[in-house]
Amino acid sequence: MKKGDVYLALMFAILALVFGKLSLDLYSGGRSGVGASQWPLMICIVILIGSILVFINYFRNGQASVKAKGFLSRDEKRVAISILTLILYFFSVMYVGFFVSSLAMLFVLITYYGNFKWYISLICALLIASTVYFVFSYLLNVSFKFGVLF
Amino acid sequence: MIIDALLLALQPSVLLYMFLGVAGGIFIGCLPGLTTTMGVALVLPLTFGMDATHSILLLIGVYVGAVYGGSISAILLNTPGTPASAATAIDGHAMAARGEAGRALGISTISSFLGGIISCFFLILISPYLAKFALKFSAPEFFMLAVFGLCIISSISGRSVLIGLLCGAFGVLIATIGIDDISGVARFTFGNMNLFSGVNFIPVMIGLFAMSQAFVSVEDMMKKQSDAKKITQALPHKEDWRVIFKNSAIFGSLGTFIGSVPGVGADIASFIAYGQSKGLSKNGDKYGTGVPEAISAPEAANNGVTGGALIPMLTLGVPGDAVAAIMIGALTVQGLQPGPLLFQNNTAIVYAIFIGFFVANIFMVCIGLSSVRLFTRVLSVPKAVLTPIIFLLCFVGSYSLANNFFDVIVMFVFGVFGYFLKKIGVSPSPIILGLILGPMAESNFRRALLMSRGEYDTFFSTGISWFFFVLIVASLLFPVFKKLTKKK
Amino acid sequence: MKNKIKTLIVSSLIAAGMSSLAHSAENYPDSPVRIIVPYSAGGGSDSVSRALAEALKPEFPKGIAVENRTGGAGSVGMSYGMHAKPNGETITMVAPELVMLPHSGNGGDIDYKKFTPLAIVNSGYAAITVPADSPYKTLGDLIKAAKSKNLLFGNSGTGSIWHLAGVGMEKAAGVQFTHIPFKGSSAAITSLLGNHLDAVSVSYAEVASQVKAGLLRTLVVLAPKRLADAPNIPTAKELGFDVAIGTWRGYCVPVGTPDYIVNYLTDAILKAANSAEFKSFMAVSNNDVDIIGPKEFQEKLDRENKFYKELISTL
């Protein structure tokens, strides 16, 4: 058992407790006897038992396998920054506009990940953004009406 | 009659439409987020101006192409384009990561083709019987089928079955969000309207597979791109052919059968095929490391479904899956009533559909094999460019499902969660399986009890239920048995 | 210099203001218009709306297109359309769910009073259908049997319009059925074909092909008058049960849309719905054209809102 498993089990267990509590408040009657609440309750119990088993396994087998390492490695930091960039991108799409934001996102990330000349990154970003915009908006009829710009 | 049908189906313009349909379907299937159903729905308005043959065969072309196309991105990028290829991604990508992308694509293409052809034969020869048999399925049988499907979790959960089961249960729990089918009560929606129809599993899948995979490649960005990307061959190895033929025969038939049961689709079929082939194969323990069986079985099964799904539509006029529902719409617009009368009144068009279905599969294998090199070219795109493209496609794909921003948020949350799972070495497939099968299990469990007025013996009242019960027990005991015999 | 710039800016502002005024009054469809369909692409609502959009094209030179926004039995899309800017660029397709969902607490924030109705183009009524080999030959047989035993009555989901149709029938006849909800009508019809149910209450259009093929038999339609494509099937009213429940597809704009836009759209939709191409599409796709103008549409909404409120409260 790895330490990550314990975090995962803990997460699931908390979720199961919350959902279990919520399903107790659900209307459970109906003409059949099996209402809306029994099934989720059952699943919550399964998850709880499973998580407890994970905890027991972990503590019985000892925690020796844990590698001591820094909070985030350099590679992981890059992922964290990407996630933040994408969150920013989502907001920008909503308030500024799809095409412009996508262009900016692509340009920023391509420049960040690769070491191309800036105009090459820009051309790549432009090409990709226009292709995706064209394919989805014109061929597949997806509406990209969000922000003030297009 | 056959001559009439041949004349209808083999008109040059029909062939051209079908070819374009298959190519377009492969393209749509490749893109994460654009599902088979969506692809067919997008093409539907174009068919309103055509005659019946052109219209239905174009849609069939898109259908066949899209179900196959999903496996290309699953193998190359570990990003299943459609849920039907989620099972293929497990071993397909493992093989591609070894540098054998061409081989993996070859296996998947040939298996898809054989699966499609087998289902075509079933469709032509025994569709009335299959349809009659499929009608025997009622709530208890569907429940048993769903539980049987959930047993597959043990074979797709990677290093720890316990964690796999937990993930599967998590998927089932997430699937209970939304308005309950049976009682009409809103569960766990927190008053948010976007949750009323539940968490859509397509964005979850895009997040767990595509987005998280893109994060992993961000992490590996500075590692040198392996040189193994040079494709040495675009066809399966010699020793693969036996495996392909065997698996395609078994799982193509299984897929056809599953497809003919209304309400059960290609996603479920491919997972069941993956799980069962693991039990049957000598290399069962090596599953997950890129074995040919594990690519061939789900691919044969999901293309087997395509023919199967047409069976209830043509024989009974009821859709076998969401795609068939759209095709029924397309036929009615043409003034044709799908169902038993279609065989009597429009025999030529029914045979034209059979022939067209056959031809579409041939187009699929031709396009597939001839462009393996083109597809694998994707791998030579620098990661620094490819990864942002995948981000963009994940975003656009999940948005375009319902033109709803909420799906994008779901996708993103599960993307981050999926990255965490990958970091700790947990497979996300059980979550998807739980999401797909959970609602089927629950609603049929409760529907069965409603129909039997609360008698639990309804679950053991028919032969089919017993059959599935035996399968469930067998698939649970088989690994234990295998372990015991190995120890000797 | 400064003055010049000032006058330039002022005059251009005035010009812009004028032109925007002119825009609104005369050339209303000055930008593409979209029809929000709250159900998925490829379904009945979607294809009817697309056919209507096709027939509307001549009136909208800048384009008119269907956009599917699905979720929550239609509440997501209807709510989206309700909150759209009232400038005539967004039309919403609505269905009886608009006045049903709020009463079962599953409608989110949708409220029919926040829509200005334009027109209804299509309606379809519930039918009670049994397998062809069923012992129940008439509605009377079915009701009689329901008094002594519990009949399994399939529908398209609890709280859906076809479930309410079944409930309306049992109320009118004073009996009780066991309602079996399915996910969508076709699943219920499939189960009926497999003889797992005694009857289903779904729309006639959805069972028409099986009825014509002799696999199923429709006993009664819950319509105000006999259906054009099924003149042999009696209505509930003829048999002495006062119940008529059905679905319809209408188009609305958000409240606050200027009158001239409302009038323009209403006229355009009424004209398109009467066009030959739309009518022939509806005929081949088993949909009944039923054109209702804005005033009656509003009355229908008020009436059905009250009706469903009562019916749902008895569930």
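The values are calculated or read from the model by the stated rules, or taken from the named source; none is laboratory data. It should be emphasised that the depicted structure is a prediction, and the values quoted were computed from it without experimental measurement. Using ideal geometry, Cβ is built from the backbone for each residue, glycine included, and neighbour counts are taken over all protein chains shown. SASA here: full protein model, heavy atoms, side chains in, ligands and nucleic acids out. Shrake-Rupley method; radii C 1.70, N 1.55, O 1.52, S 1.80 Å.
Of note:
- For region A:61-87, taking the residues that are modelled with pLDDT of 75 or more and assigned to a loop (DSSP other than H, G, I, E, B), the one that is least open to solvent (accessible area, probe 1.4 Å) is identified as A:Ser73.
- Qualifying residue in region B:37-46 (condition: in contact (Cβ under 8 Å) with a residue 12 or more places away in the chain, surrounded by fewer than 22 Cβ atoms within 10 Å (Cβ to Cβ) and in contact with a Ser or Thr (Cβ under 9 Å, 6 or more places away or on another chain)): yes
- Just one of the listed residues (B:Gly368, B:Gly434, B:Gly425, B:Gly415) is touching a residue at least 12 places away in the same chain (Cβ under 8 Å) and surrounded by fewer than 22 Cβ atoms within 10 Å (Cβ to Cβ), namely B:Gly425.
- Yes/no for B:Leu386 being farther than 29 Å from B:Ser55 by Cα, touching a residue at least 12 places away in the same chain (Cβ under 8 Å) and part of a helix (DSSP H, G or I): yes
- Test: residue in region B:375-391 that is within 12 Å of another protein chain (Cβ to nearest Cβ), crowded, with 24+ Cβ neighbours inside 10 Å, at pLDDT below 90 and out of contact with any strand residue (DSSP E or B) (no Cβ under 6 Å at 6 or more places or on another chain): no
Rundown of residues vs (1) surrounded by fewer than 24 Cβ atoms within 10 Å (Cβ to Cβ); (2) within 14 Å of chain C (Cβ to nearest Cβ); (3) touching a residue at least 40 places away in the same chain (Cβ under 8 Å), yes/no style:
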residue	(1), (2), (3)
B:Gly255	no, no, yes
B:Ile272	no, no, yes
B:Ser277	no, no, no
B:Leu280	yes, no, no
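- Every residue from region C:254-265 that is open to solvent by less than 50 Å² (accessible area, probe 1.4 Å) and farther than 11 Å from C:Ile91 by Cβ: C:Pro258
- Tallying residues that are surrounded by fewer than 17 Cβ atoms within 10 Å (Cβ to Cβ) and not β-branched (Val, Ile, Thr) within region A:95-139 yields 13.
- Filtering C:Phe297, C:Phe307 for residues that are modelled with pLDDT of 95 or more and either in a helix (DSSP H, G or I) or surrounded by fewer than 20 Cβ atoms within 10 Å (Cβ to Cβ) (or both) leaves a single hit, C:Phe297.
- From the options B:Ala325, B:Ala360, residue that is assigned to a helix (DSSP H, G or I) and either open to solvent by less than 10 Å² (accessible area, probe 1.4 Å) or within 24 Å of B:Ala249 (Cβ to Cβ) (or both): B:Ala360
- Checked across region B:164-176, the condition of being open to solvent by 20 Å² or more (accessible area, probe 1.4 Å) and without any contact (Cβ under 8 Å) to a residue 24 or more places away in the chain holds for no residue.
- Residues of region C:236-253 classified as buried (at least 19 other Cβ atoms within 10 Å of the Cβ), farther than 30 Å from C:Asp111 by Cα and in contact with a strand residue (DSSP E or B) (Cβ under 7 Å, 6 or more places away or on another chain), total: 1
- Flag if C:Leu193 is open to solvent by 10 Å² or more (accessible area, probe 1.4 Å) and out of contact with any Cys (no Cβ under 8 Å at 6 or more places or on another chain): yes
- C:Ser203 meets the stated requirement of being closer than 30 Å to C:Arg50 by Cα, crowded, with 24+ Cβ neighbours inside 10 Å, in contact with a Gly (Cβ under 7 Å, 6 or more places away or on another chain) and within 14 Å of chain B (Cβ to nearest Cβ).
- Lone qualifier among B:Gly320, B:Gly335 - being modelled with pLDDT under 90, within 20 Å of the chain's Cα centre (by Cα) and within 13 Å of another protein chain (Cβ to nearest Cβ): B:Gly320
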